[in-house]
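The values are calculated or read from the model by the stated rules, or taken from the named source; none is laboratory data. Since the structure is predicted, the reported quantities are computational estimates derived from the model, not experimental observations. For neighbour counting, all protein chains shown are included, and Cβ atoms are generated from backbone atoms with ideal geometry for every residue, glycine included. Side chains included, ligands, DNA and RNA excluded: accessible areas come from the protein's heavy atoms. Shrake-Rupley method; radii C 1.70, N 1.55, O 1.52, S 1.80 Å.
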Amino acid sequence: MHDLCNPLRIDVPRGGSKIASVDLYPSLPEDGEAAAWPMADVTDHQFCPFSGLVVGFDVESTADERHYEQAVLVIHIAQKVQTDVGRWSFFMSGIQYEPGRGDTQHDIDTQVSADGQTLTMTLRNVGVDNEAVDFSYLALYRDRQSGECQIYTSKDPSIRIGRPPAP
């Protein structure tokens, strides 16, 4: 694959929202270790894989504006990883937080849809502080020939959320 780019940055306008679409490329573990699952921003139709996310909210937003600000990240399992051999789909909430590095401010909501092919993450920051969240994507791989299903997690991507976001 390609070298990883900088983290994807989503800047939410004051009092508003921002939507970004991403393709996720899950892969089976290699040598007994979870693989990094690159993501590529498809909003601007360029392929530049990245592993982290930064969501920035305006530091001058009023308390009322902060209640309506959000970033919506729509993550699709890339169609080119679906083959005649197997099929990937997001499992349960689509993510699993790392112990001690989860969503302590409860500002991330997830929803899986489209027969497990799409994960929608809605991110908010009602406060004025920063949060670093580490997680793994959670997906099911179904072997088409045997029908066997296995659940896998990715290596840990991260999301930095804040006003301004932590580096």
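Each peptide in 116-129, 143-156 receives the mean, over its residues, of other Cβ atoms within 10 Å, and ordering these scores from highest gives 116-129, 143-156.
Within the accessible area of the chain, the carbon and sulfur atoms contribute 48%, probe 1.4 Å, all protein chains present.
Each residue of the range 152-164 was assigned a 3J(HN,Hα) from its phi angle through the Karplus expression (A = 6.51, B = -1.76, C = 1.60, θ = phi - 60°), giving 10, 10, 7, 5, 6, x, 9, 10, 10, 10, x, 10, x Hz with x at Gly and Pro. Taking 25 °C and 0.890 mPa s as conditions, the range 92-167 diffuses translationally at an estimated 177 µm²/s according to Stokes-Einstein applied to its Kirkwood radius (Cα pairs). Helical runs (DSSP H, four residues minimum) scored at -39500 (n - 2.57) apiece and divided by the length of the chain put the mean residue ellipticity at 222 nm at -500 deg cm²/dmol. The string of couplings for the range 78-84 from the Karplus curve (6.51, -1.76, 1.60, θ = phi - 60°) is 4, 5, 6, 8, 7, 10, 5 Hz, one whole number per residue in order, with x for Gly and Pro. Between THR62 and ILE19, the distance separating the two model label sites (each 7 Å from Cα on the Cα→Cβ line) works out to 2.7 nm. Surface analysis of the range 30-167 yields an accessible area of 52 Å² per residue, using protein heavy atoms and a 1.4 Å probe. Given in Å, the Rg to one decimal and the Dmax to the nearest whole number for the Cα atoms of the range 9-107 are 16.3, 52.
With the simple spin-label model, which puts each label point 7 Å out from Cα in the Cβ direction, the ARG142 to VAL42 separation comes to 2.0 nm. The modelled label-to-label distance between GLN105 and ASP31, using points 7 Å beyond Cα along the C-beta direction, is 3.8 nm. Using Cα pairs under 8 angstrom and six or more residues apart, how large is the relative contact order of the chain, in percent? The value is 26 percent. Using every pair of distinct Cα positions in the chain, the Kirkwood expression returns a hydrodynamic radius of 16.5 angstrom.
Distance between the C-alpha centres of the range 141-157 and the range 51-119: 19 Å, rounded to the whole angstrom.
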